[in-house]
1. What residue, among those in the stretch 252-272 that are under 30 Å from Gln26 (Cβ atoms) and in a loop (DSSP other than H, G, I, E, B), is nearest to the ligand (Cβ to nearest atom)?
2. Counting only residues that are touching a residue at least 40 places away in the same chain (Cβ under 8 Å) and within 18 Å of the chain's Cα centre (by Cα), give me the strands (runs of 3 or more DSSP E) lying completely in the stretch 121-219 with at least 3 of them.
3. Give the number of residues within the stretch 14-57 that are within 16 Å of Pro183 (Cα to Cα) and assigned to a helix (DSSP H, G or I).
4. Kindly check whether there is at least one residue in the stretch 153-162 that is within 10 Å of the ligand (Cβ to nearest atom) and buried (at least 19 other Cβ atoms within 10 Å of the Cβ).
5. Looking for whichever is open to solvent by 30 Å² or more (accessible area, probe 1.4 Å) and away from the ligand (no atom under 16 Å from the Cβ) here; the options are Ala238, Ala275, Ala249. Which one fits?
6. Considering only residues that are open to solvent by 50 Å² or more (accessible area, probe 1.4 Å) and part of a loop (DSSP other than H, G, I, E, B), look in the stretch 296-317 and name the one that is farthest from the ligand (Cβ to nearest atom).
7. For the stretch 61-90, which positions are more than 15 Å from the ligand (Cβ to nearest atom) and assigned to a helix (DSSP H, G or I)?
8. How about the stretch 173-201: which of its residues are over 25 Å from Ala247 (Cα atoms), open to solvent by 20 Å² or more (accessible area, probe 1.4 Å) and within 8 Å of the ligand (Cβ to nearest atom)?
Amino acid sequence: MAVLVTGGAGYIGSHTAVALHDAGRQVVVLDDLSNSSPAAVDALRSLTRPDLPFVEADAADVDSVGRTLADHRVDEVVHFAAFKSVSGSISDPEGYHRNNVGCTAGVVAAMRAHGVSRLVFSSSCTVYGEPNHVPVTEASPIGATNPYGATKIACEELLAAEADVGGLDVLLLRYFNPVGSHPSGDLGEDPQGVPDNLVPYLMQVAVGRQERLAVFGGDYDTPDGSAIRDYLHVMDLAEGHVAALNALADGDGPTGCTAVNLGTGTGYSVLDVVAAASRVIGQPVPHEVVGRRAGDIERIWADPALAIDLLGWRATRSLDEMLVDHWRWQQRHPNGYEA
Ligand code: UFG
């Protein structure tokens, strides 16, 4: 039997594929490469097995997904395939909705047709919007602050409705802010164009691809005025997916549809991250505090208790380890996979 990883050539998907392989599973990757590189598949194969099955297809294409489930005797699915840029979603809300909800609907339809019942879904803490209380638990209020977040909420609702009618057991994993790379330095985050996210941008400053980091907002109601997030190592996050599949496969495990936060439970400010990165890299990272970025929230971090209870999973790697590993990847691949 095998596990299908949709979006397995992307940042979190590729790290999860490695973690699943390392945990002894047969992994099949499906990705349309619309926002990822064939070189990521090569890297994935070099870290797992040279013949790791890869299907180039759109997850919204029910026939392709269905054929993949049948051809590889798949009995569990981790569904990542989605667009993930907040700014991209603001300029193209309809395209984001069609892609993200369409892919989830396609995967579910194919699973139903082939009697595959266990699904782990890639969700985000973005579903909590601007929380009125931190840390956030899975029972905290839901509400999107941008169209990308709205697509994650729509997918969660679709999956909850599918689970309600039976035949599907789902874990919705709500990720906080993933950072870092596989320790080999051969698999990592390779954003197309100018990075939106903090650590990829900061690392490009450190290798000279960008001049300086703009710190968005110095007037938040936080100890140093910059915004606070819960950064977690992408390998911890990847291992969280292994734990989630194990829980679903366990006869006493969760049934129906259950949301679980994957975060460390600790918040760091943007300036904390800049200081830690400067230390790790061994040189100051040029930066400048500018105005707030539209749509940003002030602070969020996870209550990780449910993940510990239900999945037996907790994040173990420190902020410094995230940055050491991310920096190794950036130094080995200053221009990303294809350079
Ligand atoms: N930031 C900067 N400068 C940059 C980039 C980011 O100061 O160049 C700041 C942001 O303002 C924010 C923090 O760094 O305070 C983290 O920003 P990211 O863009 O790395 O991450 P976000 O928390 O904004 O976004 C993440 C995910 C999204 C998700 C969102 C939910 O990347 O997919 O969390 O809040 F929607």
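1. Selected residue: Gly263.
2. Hits in the stretch 121-219: 169-175, 177-179.
3. Matching residues across the stretch 14-57 total 15.
4. Taking the stretch 153-162 as the starting set, the residues that turn out to be within 10 Å of the ligand (Cβ to nearest atom) are none.
No - not one qualifying residue is present in the stretch 153-162.
5. Of Ala238, Ala275, Ala249, the one residue that is open to solvent by 30 Å² or more (accessible area, probe 1.4 Å) and away from the ligand (no atom under 16 Å from the Cβ) is Ala249.
6. Gly312
7. Quick first cut of the stretch 61-90, residues more than 15 Å from the ligand (Cβ to nearest atom) only: 61-79.
Selection gives Val62, Asp63, Ser64, Val65, Gly66, Arg67, Thr68, Leu69, Ala70, Asp71.
8. Result: Asp196, Asn197, Leu198, Tyr201.
The values are calculated or read from the model by the stated rules, or taken from the named source; none is laboratory data. Only a predicted model underlies this, so the values are computations on that prediction, with no experimental measurement involved. Neighbour counts run over all protein chains shown; Cβ positions are idealised from the backbone, glycine included. All accessible areas refer to the heavy atoms of the entire protein, side chains included, with ligands and DNA or RNA removed. Shrake-Rupley method; radii C 1.70, N 1.55, O 1.52, S 1.80 Å.
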